[in-house]
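Following: one structure in structure tokens, then a few remarks.
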Amino acid sequence: MQSLLAPRALKAGDRVAVVALSGPPVRQELDLGLAALRSVGLVPEVFPSARSVGPYPYLAADDKVRADDLARALGEPGYTAVFCARGGYGVQRALELLDWDALGTPEPRVVVGFSDVTALIEAVRTRFGWMSVYGPLVSSVMFRSGVPSFEGLARLLLTPHKCTELLFQDTRALVPGVAEGVTIGGTASLISTSLGTPFSVPARDGILFLEDIGEQPYRLDRVLTHLRRAGYLDGVRGILCGTWDECGPLADIEELLADRLGDLGVPVLLGADIGHGVFMQSLPLGVRARLDTAAATLTFLDPPLMVGE
């Protein structure tokens, strides 16, 4: 149970890649996010995928453009982070085309995003052993100067030594207790659809984070049941659940979570402000952490990022 390889913390003047591997970002919204990056001293480079529209309206560019951008962002020297511009759908199509052998073993850099980016986070974890950050997307309203979600992300990326714990408000302990493990997870439906691919990461020895959007209770039931039947949840140490935006009445969802997760014999905390439909806190994935349901905290036992060169 060890933390993954931590890329170095960011600093003013760093070049960072901005890619759109899923849906096409709105130009004005993307520009506001780029301004936020510049406001903390970073130098964003917008890759072609973030200024394009693909063959289908739900794709930012065609698959080759998005895959090429991803290869550059992950492998080309000089970038210290990869920021994803928008979620939606499309990361898995880009991953299918990526020539991982040609990338070799690039210098670690931190990948930032959530939702559809879950698939990329799993991929860099299995291929390179990197930790990542489950955080806001550049073109979202969360990614703005002065907005708590962006300010928290910037603090994590620039001064990780000051970010040792996440504290959650209005949480509910489905199963009380304390657990330690390596943080893992993301959007539940994306985790489910990665099963059987080379990049699926089992939850064994992990503090598993789960959230989703737009999955009605019966579909969410199917996702969670698939994870159970596939053995994905075997050996999990604890579970932290975030938001379930547009997934139906919260009482119904929490009843379902109790049914599908409550019998695993591990601590389960509901209601973390991470995910869709909320000004989210950013969650480092791949870091040893302690989940305490009574204190409603997730404490990092290793630095989320390395300070210094």
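The values are calculated or read from the model by the stated rules, or taken from the named source; none is laboratory data. Values in this document were obtained by computation on a predicted structure and should not be read as measured data. Cβ placement follows ideal geometry from the backbone for every residue including glycine, while neighbour counts extend to all protein chains displayed. Remember, those area values only see protein heavy atoms, side chains included, never the ligands or the DNA or RNA. Shrake-Rupley method; radii C 1.70, N 1.55, O 1.52, S 1.80 Å.
Residues that are small (Gly, Ala, Ser) and out of contact with any helix residue (DSSP H, G or I) (no Cβ under 9 Å at 6 or more places or on another chain) were ranked within region 1-50; the one that is modelled with the lowest pLDDT is Ser3. Does region 41-52 include one or more residues that are among the aromatic types (Phe, Trp, Tyr) and within 28 Å of Arg288 (Cα to Cα)? No, region 41-52 has no match at all. Taken together, the criteria exclude Arg172 from residues that are crowded, with 21+ Cβ neighbours inside 10 Å, of a type in the set (Lys, Arg) and either at pLDDT 95 or above or in contact with a Cys (Cβ under 6 Å, 6 or more places away or on another chain) (or both). Every test in (1) buried (at least 20 other Cβ atoms within 10 Å of the Cβ); (2) over 23 Å from Lys162 (Cβ atoms); (3) among the polar types (S, T, N, Q) is passed by Thr80 save one, and that test is (2).
Taking the options Leu269, Leu195, name whichever one is open to solvent by less than 20 Å² (accessible area, probe 1.4 Å) and at pLDDT 95 or above. Talk me through it step by step, then tell me what you get.
Details: Leu195 fails: open to solvent by less than 20 Å² (accessible area, probe 1.4 Å).
Being open to solvent by less than 20 Å² (accessible area, probe 1.4 Å) and at pLDDT 95 or above holds for just one of Leu269, Leu195, which is Leu269.
If you check Arg125 against the conditions, is it within 12 Å of the chain's Cα centre (by Cα) and either closer than 20 Å to Pro202 by Cβ or at pLDDT 95 or above (or both)? Even if it seems obvious, please write down each step before you answer.
Working: within 12 Å of the chain's Cα centre (by Cα): yes; either closer than 20 Å to Pro202 by Cβ or at pLDDT 95 or above (or both): yes.
Here the answer is yes, as Arg125 does meet what is asked.
Kindly provide the set of residues from region 166-183 that are assigned to a loop (DSSP other than H, G, I, E, B) and within 13 Å of Gly238 (Cα to Cα), ordered by number. I'd like the intermediate steps shown before the answer.
Going through region 166-183, the residues assigned to a loop (DSSP other than H, G, I, E, B) turn out to be 168-171, 176-177.
Matches in region 166-183: Pro176, Gly177.
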